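One structure is given here, and the rest of the page talks about it.
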Amino acid sequence: SRRVREDIASLGPLSVGIGGKGVLVNGVQMEDGPHWKVMEPSLAYGTTETIDYLKRAITSVNRQFPDTHEMLVGHLSAKRGGHLRSHKSHQSGRDVDLSYYYLPDSRWRWYQRAHAGNLDVARTWAFVRSLLVETDVMFIFINTSIQRLLKKHALALGEDPEWLDDVFEWDSKSSWPIIRHSPGHDTHIHVRFYNPVAQEMGRRAYGTLVASGRIKPPTFYTYYKVKKGDILGRVAKKFDVSVRDIQKANGLRSTTIMAGKTYRIPRKGHVMQPGKIRIPPRRLPPSTSAATQVAAPDSR
Ligand SMILES: [Zn+2]
């Protein structure tokens, strides 16, 4: 906690809070690489772990298929994380939007809707497989229509059917699929990673970050001294909260407020302290589990 107060930069990236109510501390900017292009660098901040996982999975596709177009990397998080326009998550450096791989002759652009006619199923599957096997992926949002193409391709390659049923949502009864449908994810892939290091550091630093005012807890208060002529409805509007919330926070039974008196205004905070960080073991296909277990200790 002393290092959080005095030398926070020395701690490396911290993923604080949860995906939808979090911040990123000491974020790292992802830069263009040999096989990928970053679409909006100012919104391409993540943790070291997230960026390394991405590079690893993209590079793995290019190793298998040397002639592959660049992966387009969309938003990760803002420099300090927190709310990112038009996204529900992308707040703590562990989320990223990515292009699909498209067939060489198909004319495509960023956010092109992928379908059987233009999707490069082999390369996209190679990418998804690498995420599953070589990274701590938490989930991957891919439309059902595309899951179907990928899973059939994987089965045709001889991948283990039980493993595929476990990781895909499409045509399976998996209780916790990693590859899930979410509307709109036929134009891009959304990936969220577990970050064993950055999440644990974020959890440990949370209390000190709140105490020092660097982050706000989920609910916090602003104090407002009522001026002559103020009415409760207008005060509520000014702070973007409901009349009811102000009444509750101050034990008011009516909407009467008094000039000169100070009231507590409850504000929506940003950062939720997660519970204990638990990173589940990677869910590996039976054929690769032996090889990957050997590599696991230093990569975790
Ligand atoms: Zn996204």
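Residues of the stretch 61-91 that are surrounded by fewer than 19 Cβ atoms within 10 Å (Cβ to Cβ), in contact (Cβ under 8 Å) with a residue 60 or more places away in the chain and farther than 21 Å from Y111 by Cβ: Q64, F65, H83. Within the stretch 166-192, residues that are farther than 12 Å from F141 by Cβ sit with their Cβ atoms under 9 Å from residues that are more than 16 Å from the ligand (Cβ to nearest atom) and assigned to a strand (DSSP E or B), at 6+ positions apart or across chains, in these pairs: S174/F168. Within the stretch 6-49, the set of residues being open to solvent by 50 Å² or more (accessible area, probe 1.4 Å) and either assigned to a strand (DSSP E or B) or not assigned by TED's automatic domain parsing to the domain that holds S60 (or both) comprises I18, K21, V28, Q29, K37.
Counting only residues that are open to solvent by 20 Å² or more (accessible area, probe 1.4 Å) and in a strand (DSSP E or B), the stretch 181-203 holds 1 of them. You will find that of V235, V271, the residue that is open to solvent by less than 90 Å² (accessible area, probe 1.4 Å) and at pLDDT 85 or above is V235 and no other.
The values are calculated or read from the model by the stated rules, or taken from the named source; none is laboratory data. Everything numeric in this text was worked out from a predicted model, so none of it was measured. Glycine also receives a Cβ, built like all others from the backbone with ideal geometry; neighbour counts cover every protein chain displayed. With ligands, DNA and RNA removed, areas are computed over all heavy atoms of the protein, side chains included. Shrake-Rupley method; radii C 1.70, N 1.55, O 1.52, S 1.80 Å.
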